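The values are calculated or read from the model by the stated rules, or taken from the named source; none is laboratory data. Just so it is clear, the model here is predicted, and its values are computed rather than measured. In this analysis, Cβ positions are derived from the backbone assuming ideal geometry, glycine residues included, and neighbour counts consider all displayed protein chains. For accessibility, only protein heavy atoms count, side chains too; no ligands or nucleic acids. Shrake-Rupley method; radii C 1.70, N 1.55, O 1.52, S 1.80 Å.
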Amino acid sequence: MLALFNHSCDPGIVRYFTGSTVHVRTIKNIAAGAIIAENYGSLYARMSRPERRQHLANNYMFECNCQACAADWPTCANMIHSVIRFRCTGAGCQEAVPYDLHSDCQGVRCGACEHIVDVGERIRMLREANMISRFNEASHLYQVGMFEHALSKYAAIMLLLDEVLVPPYRDYHMCQQGMRRCCLDLGSCYVSCPAGEK
């Protein structure tokens, strides 16, 4: 069954083994009814679209048209960090509303629904959420081997980020990779830790 997962360059799951049991866990928020995809070795944050498509064509004989490929998301190295993509707050609209952090404008009109997004309020939400402290706490828990606790911290960060922002952006990728590392190390821990320790 697990071989039937489709590929995405922005995967929604990671799988890992504990003994002969395979576990599948989400590493991002997935809307009801959306495709649940894994990654075949080509992540948007690390490889450009031409590189990913070449790798996938050579190894799996298909051209990827996932969201990251369709929109040609930049790699982490090529992301413009002064521009953030806020999630539109208009009724039923989930479109990205780009905002230049150098701007002093407090409201930006959504190109899809025409709703004016109060970016000042969105920025306040992110500041009050104290993301840097939360990332540091999750990273510390990971470093001391408390993988389940770190995973729950990363998941809470992802929920907050997803409420306000639309990927791609660096913190989204970092949070996703933190969750991925926790999951993979949970599998490794069960293999290498003495019985009863996690």
Notebook entry, point to check: Can you pull out the residues in the stretch 13-40 that are surrounded by 15 or more Cβ atoms within 10 Å (Cβ to Cβ) and small (Gly, Ala, Ser)?
Noted result: 37
Notebook entry, point to check: Within the stretch 121-147, how many residues turn out to be charged (D, E, K, R), modelled with pLDDT under 95 and more than 21 Å from residue 86 (Cβ to Cβ)?
Noted result: 0
Notebook entry, point to check: Could we say that residue 158 is out of contact with any strand residue (DSSP E or B) (no Cβ under 8 Å at 6 or more places or on another chain), open to solvent by less than 80 Å² (accessible area, probe 1.4 Å), of a type in the set (A, V, I, L, M) and more than 26 Å from residue 67 (Cα to Cα) here?
Noted result: no
Note to self: If I go through the stretch 100-149 residue by residue, how many of them are out of contact with any Gly (no Cβ under 7 Å at 6 or more places or on another chain), among the acidic types (Asp, Glu) and under 18 Å from residue 165 (Cα atoms)?
What the structure shows: 4
Notebook entry, point to check: What number of residues in the stretch 41-69 are open to solvent by less than 60 Å² (accessible area, probe 1.4 Å) and under 16 Å from residue 176 (Cβ atoms)?
Noted result: 8
Notebook entry, point to check: Taking residue 108 and the conditions (1) closer than 27 Å to residue 153 by Cα; (2) buried (at least 16 other Cβ atoms within 10 Å of the Cβ), which numbered condition does it fall short on, given that it satisfies the others?
Noted result: (1)
Next item on the list: Those residues that are part of a loop (DSSP other than H, G, I, E, B) and either polar (S, T, N, Q) or open to solvent by 80 Å² or more (accessible area, probe 1.4 Å) (or both), I need them from the stretch 1-12; list them, please.
Entry: 1, 8
Check: Can you pull out the helices (runs of 4 or more DSSP H) entirely within the stretch 85-198 that have at least 1 residues that are under 16 Å from the mean Cα position of the chain (by Cα)?
Finding: 131-143, 147-164, 170-192
